[in-house]
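Everything on this sheet refers to the single structure shown next.
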Amino acid sequence: MRNWPKPLLPWLTAAALLACYAPALRGMFDQWSNDPDMSHGFLVPILALWIVWRERERWRTLPAEPSPWGFAVLAAGAGMQLAGALGAGLFVSAAAFLVSVAGSVLCLGGWPFLRAWTFPLLLSLFMLPKLAIVYNRATLPLQLLASRIAAGILHTAGMGVIREGNILDIAGRRISVLEACNGIRYLLSLGFMAVIFAYLADGKPWMRVALLAAAVPLAILANALRVAAAGWSPWLADGAPHAIAGGIVFVLSLATLVLAQRMFNRLYAYFQA
Amino acid sequence: MKTITALLLYAAFAACLHAQLPVPLGSAASFGVLAGSTVTSTGPTVVNGNVGVSPGSALTGFPPGIVIGGAVYVADAVAAQAQSDLTTAYVNAAGRVCPGPPLPGDIGGTTILPGVYCNSTSVGITGPVTLNGNGNPNAVFILQIGSTLTTAAGNSAVVLIGGAAASNVFWQVGTSATLGTNTTFSGTILAQASITVTTGAALNGRALARTGAVTLAGNAIATPSPAGAGPSVACAYPAGQVGVAYSSFLVASGGTPPYTYSISAGSLPPGLVLNPSTGAIVGTPTKAGSYSYTAKVVDATSASATSSCGPLIVGPMPVSSVPAPPSLMLVLTALLLLSFYLNRDRLRRRLGRS
């Protein structure tokens, strides 16, 4: 067997992975292109690679300790890819790609490299397609929750609202909280931004988990607020004003996450003291 | 001798003007809409008569458009025969001798007597143009237009008086015809290329295009009754929604125009109003429900006809959905603001230095 020059090996491995998982990557690309819930997927690999590059000084000094466990992980990835191709679906094939990336890192660099690249690898989970079984189960409850909270907000604001399931009747104007309004879009986007913000603004790894957890109720509440805004003013229910209002509510959610990070830090300092 | 010659010439001229036979439409006469390439309709179009396309096969917008008293023929033998008959009719109309003088570029505001008229370029109609049958119920009007026929948006209309009947009015158009918004038009349009009937226009006649498309947008089109037949009235579009503007027409035909429209029994949905002179029914329905009504038309000789229309079903206010912006837009916005936030000290220093 020919001995490839060492710097070439990672590139060859990357090319082989891209070739082997081309159908899964194409499927992910299609979903990012066609599903507005998942269009942030385009940014996920870019940011993951940027983080790897940003931390180059750290991992360049690590000793390469190739681990035979990498082959086991690669085999697991190949098995998942086979299952995906046989009918388990795009999610399994896409997850197999990430598992195989982790296996390749283990094979070439060993555990120190895998540990160094754990965060970008975990961040890449945000680019995986929506898992249909979870999405379908979560959609209706989230729609109803958003409708309930939006109706509550409008009631509190002094407006007369009749809620019929996921339809809000506001003085004869009817707004339907459809699947696309269920909050998943806010949930994925805000969760992703929470992790990125924690990584950039705070060195503590637990902060990423804490802010991700805080993003869940915040996203649900923000989505309901967005629906309530559309119910409050017909002007905000359609077209550019509606899109801008959605963006503003998202930015406000992000600002709340910034405040939450400060609050968590104060609590941490208080308990440390 | 000179006097006798002049009288003979005048007689020949008068004969040319008055003694025209109708253009033979053949099987195309049963079509309210016929196109060569495509028929496209958006909104609540109602066609009283056949709708067809040949040799093209694209027909869209039915439904929501509806066809009453006829059928839809797409690239089949019936539509092909109608196209063939349309070609014969077009050539017949274009071949009629036009004694002149030529029609002006805009015939709005003029009164036209029976006969053949021509303009080698384009003709527009701004406001009403009156076709006066001079008391002859079989009076024929043939208008040969070399290029385009365009009616201005708003109150353009073809008004029939003195026994003129829509079934005996023929517009032979060299390229394309466009009926502007809310035009009330009468007669058969025989267009070489395409016909566009814009929003809210009503046509008591036919839109027949040889090679191109017929494009409709929420129109009422009624194939005219034969000359000499009593009046009849076609119903308006039978569906609406609370809070959404509705616009359609009762279209009268036959009898002796002008017509007067009314609702003789039942009622229109609350919020809708009938214009008694044009037949337009416009407004915004305010209450959901099913509304049956009887439309009545009275012509100039007081002959009348009724049609049981409906139900005109008014659905509840439409439900609007409020999806969030795409996640790519949300994340990009957030990343931009986050980069400002995280680099705020550096930015402040730079701004302070400058």
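Taken together, the values in this text are just the output of simple stated rules run on the coordinates, not laboratory data. This is a predicted model, so every value here is computed, not measured. FYI the Cβ positions are ideal-geometry reconstructions off the backbone, even for glycines, and counts take in every protein chain you see.
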Exercise. Between the helical axis of B:327-342 and the dominant principal axis of chain B, each derived from Cα atoms, what acute angle in degrees is found, rounded to the nearest 10?
Worked result: 40 degrees
Seminar exercise, completed: Computed, not fitted: 222 nm per-residue ellipticity of chain A from DSSP H runs ≥ 4 (each -39500 (n - 2.57)), nearest 500, equal to -23500 deg cm²/dmol
Exercise. What's the center-to-center distance, using Cα atoms, between the stretch A:215-260 and the stretch A:133-205 in Å?
Worked result: 9 Å
For this session: Take the Cα gyration tensor of the protein assembly as shown, multiply each eigenvalue by 5, square-root it, and list the three semi-axes largest first, rounded to whole angstrom.
Result: 71, 30, 22
Exercise. Going out from 0 in 10 Å bins, what whole percent of all Cα-Cα distances in the stretch A:26-126 drops into each bin?
Worked result: 16, 39, 33, 11, 0
For this session: Would you compute the Debye intensity of the stretch A:145-256 from its alpha-carbon atoms alone, equal scatterers and no solvent, and pass along log10 I(q)/I(0) at q = 0.11, 0.21 Å⁻¹ to two decimals?
Result: -0.38, -1.05
Problem set entry | Farthest positive-ward along chain A dipole, Cα basis, beta-carbon charges - from A:I184, A:W59, A:L218 | A:W59
Exercise. Taking a quarter of the surface of the Cα convex hull of the stretch B:206-354, what do you get in nm²?
Worked result: 17.6 nm²
For this session: Output the relative contact order of chain B, whole-number percent, from Cα pairs under 8 angstrom with separation of 6+ residues.
Result: 13 percent
Problem set entry | Helix-only CD estimate at 222 nm, as mean residue ellipticity for chain B, using -39500 (n - 2.57) per DSSP H run (n ≥ 4) | -5500 deg cm²/dmol
Problem set entry | Total charge dipole magnitude, chain B, about the Cα centre, Cβ charges on Lys, Arg, Asp, Glu only, Debye to nearest 20 | 1460 debye
Seminar exercise, completed: Candidates A:A210, A:A157, A:A222; GNM for chain A (alpha-carbon contacts under 10 Å) flags as most fluctuating A:A157
Exercise. Going toward the positive end of the dipole of the protein assembly as shown, with +1 on Lys and Arg Cβ and -1 on Asp and Glu Cβ, which of B:P114, A:G158, B:L274 do you reach last?
Worked result: A:G158
Exercise. Dividing the Cα radius of gyration by the Kirkwood radius, what Rg/Rh value follows for chain A?
Worked result: 1.05
Exercise. Near B:P316, within a Cβ-to-Cβ distance under 15 Å, what is the net charge of the other residues, with Lys and Arg +1 and Asp and Glu -1?
Worked result: +1
Problem set entry | For the stretch B:197-266: rounded, prolate or oblate by the Cα gyration tensor [a/c cutoff 1.5] | oblate
Seminar exercise, completed: Filtering chymotrypsin sites (Phe, Trp or Tyr not before Pro) in the stretch B:89-145 by DSSP loop and by at most 14 other Cβ atoms within 10 Å leaves none
Exercise. So how strong a dipole does chain A carry about its Cα centre when Lys and Arg Cβ are +1 and Asp and Glu Cβ are -1, to the nearest 20 debye?
Worked result: 500 debye
Problem set entry | Neighbouring partner chain Cβ atoms per residue of A:185-197, average, 10 Å criterion | 4
Seminar exercise, completed: In vacuo Debye sum over C-alpha of chain B, base-10 log of normalised intensity I(q)/I(0) at q = 0.07 Å⁻¹, listed in q order, is -0.37
Exercise. Build a GNM of chain B with springs between Cα atoms under 10 Å: which of B:Q172, B:Q241, B:Q83 gets the top mean-square fluctuation?
Worked result: B:Q241
Problem set entry | Debye, to nearest 20: dipole size of the protein assembly as shown, +1 on Lys, Arg Cβ, -1 on Asp, Glu Cβ | 2420 debye
For this session: Quick one: which residues, 5+ away or cross-chain, put their amide H under 5 Å from the amide H of B:A239? H built at 1.01 Å from N.
Result: B:I313
Seminar exercise, completed: Between the Cα axis of helix A:90-108 and the main Cα principal axis of chain A, the angle (0 to 90°, nearest 10) is 40 degrees
Exercise. Hey, with R₀ at 51 Å, roughly what FRET efficiency would A:R173 and B:T175 work out to, going by the Cβ-Cβ distance, to 0.05?
Worked result: 0.65
Exercise. Given that compact globular proteins tend to follow 2.2 N^0.38 Å, what is the ratio of the alpha-carbon Rg of the stretch B:155-200 to that value?
Worked result: 1.19
Problem set entry | Among B:G315, B:T284, B:L338 - extreme Cα towards positive end, dipole of the stretch B:281-349, charges at beta-carbon | B:L338
Seminar exercise, completed: When chain B is treated as a Gaussian network with springs between alpha carbons less than 10 Å apart, the largest mean-square fluctuation among B:T199, B:T184, B:T284 is found at B:T284
Exercise. Going by how many other beta carbons lie within 10 Å of each one, how would you line up A:H155, A:H40, A:H242, fewest first?
Worked result: A:H155, A:H242, A:H40
Problem set entry | Net charge, B:A89 excluded, C-beta distance under 11 Å - Lys, Arg +1, Asp, Glu -1 | +1
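Decide, for the stretch A:1-61, between rounded, prolate and oblate: order the square roots of the alpha carbon gyration tensor eigenvalues as a ≥ b ≥ c, take rounded if a/c falls under 1.5, and otherwise choose prolate if a/b is larger than b/c, else oblate.
oblate
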Problem set entry | Cα-based reach from A:K204 at 18 Å (exclusive), listing aspartates and glutamates while leaving out same-chain residues under 8 positions away | A:E55
Exercise. Using Cα atoms only, what is the angle between the long axis of helix A:132-156 and the major principal axis of chain A, expressed in degrees (0 to 90) to the nearest 10?
Worked result: 30 degrees
